[in-house]
Every structure is written in C-alpha cells, then in structure tokens.
Amino acid sequence: MAAYARPAPIGLSAAQLRNRMIRSARRIIVEHWPRVDRCLVCGSGWPCTATGYAYEFLGSVGQGDWVPPQPEGSRR
Ligand SMILES: [Zn+2]
C-alpha cells in the first residue's frame with residue numbers, strides 16, 4: 001500500500017519491519033491452526049493465546065481476516 005510509504009532512515013524500513021512481523025504472526029497462526037475445539041499446541045480452545053496475539057497484530061495492520069492457505073486434500 002503506497003499510503004504507508006514514508007522516508008526510511010537506515011536499516012529496515014517501517015514497511016520491511018512490518019512485513020517481518022506479519023510473517024511471524026502468520027507462522028504462529030499456521031502452527032496453531034487446526035481450528036478445532038482445542039489448540040493442539042497450547043491445549044486451550046481456539047483462538048488460543050498465541051493465535052489471539054497474532055490476530056491482534058494482523059488486525060492492527062488490516063489483515064485480521066487472514067487465514068492460512070489450505071491445500072485441498074494435503075491433510076489426511
Ligand atoms: Zn495454540
């Protein structure tokens with residue numbers, strides 16, 4: 001989104017930093033994904049704490065409705 005463009009001093013730009021955090025938030029969601037009654041990683045109901053935080057961040061960057069891509073038939 002060009003709306004976020006702003007002068008970046010040195011090192012990571014705000015956009016790069018944001019992308020990096022988005023990627024890790026997505027990875028957390030994927031790892032805790034099986035959206036069943038219970039998170040297999042945390043053992044608590046969905047959304048578990050980790051997923052909750054990840055979605056809180058994604059929501060703050062306007063991606064609160066992101067879901068992991070689910071290849072058909074790749075899971076048993
Ligand atoms: Zn979990």
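The values are calculated or read from the model by the stated rules, or taken from the named source; none is laboratory data. Predicted model only: the values in this text are computed from it and were never measured. Positions of Cβ are backbone-derived with ideal geometry, glycine not excepted, and every protein chain shown enters the neighbour counts.
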Test result for S24, at pLDDT 90 or above, out of contact with any His (no Cβ under 8 Å at 6 or more places or on another chain) and within 16 Å of the ligand (Cβ to nearest atom): yes
Could you please tell me which pairs satisfy a Cβ distance under 7 Å, a separation of 6+ or placement on different chains, a first residue in segment 42-64 that is aliphatic (A, V, I, L, M), and a second residue that is within 14 Å of the ligand (Cβ to nearest atom)? A50/I28; A50/H32; A50/C42; A54/A25; A54/I28; A54/I29; L58/A25
Give me the residue from segment 27-57 that is in a loop (DSSP other than H, G, I, E, B) and basic (K, R) and, out of that set, modelled with the highest pLDDT. R38
Out of the residues in segment 1-16 that are farther than 18 Å from G64 by Cα and surrounded by 10 or more Cβ atoms within 10 Å (Cβ to Cβ), which is modelled with the lowest pLDDT? A8
Restricting segment 35-61 to residues that are among the hydrophobic types (A, V, I, L, M, F, W, C) and near the ligand (Cβ under 9 Å from one of its atoms), the one surrounded by the most Cβ atoms within 10 Å (Cβ to Cβ) turns out to be C39
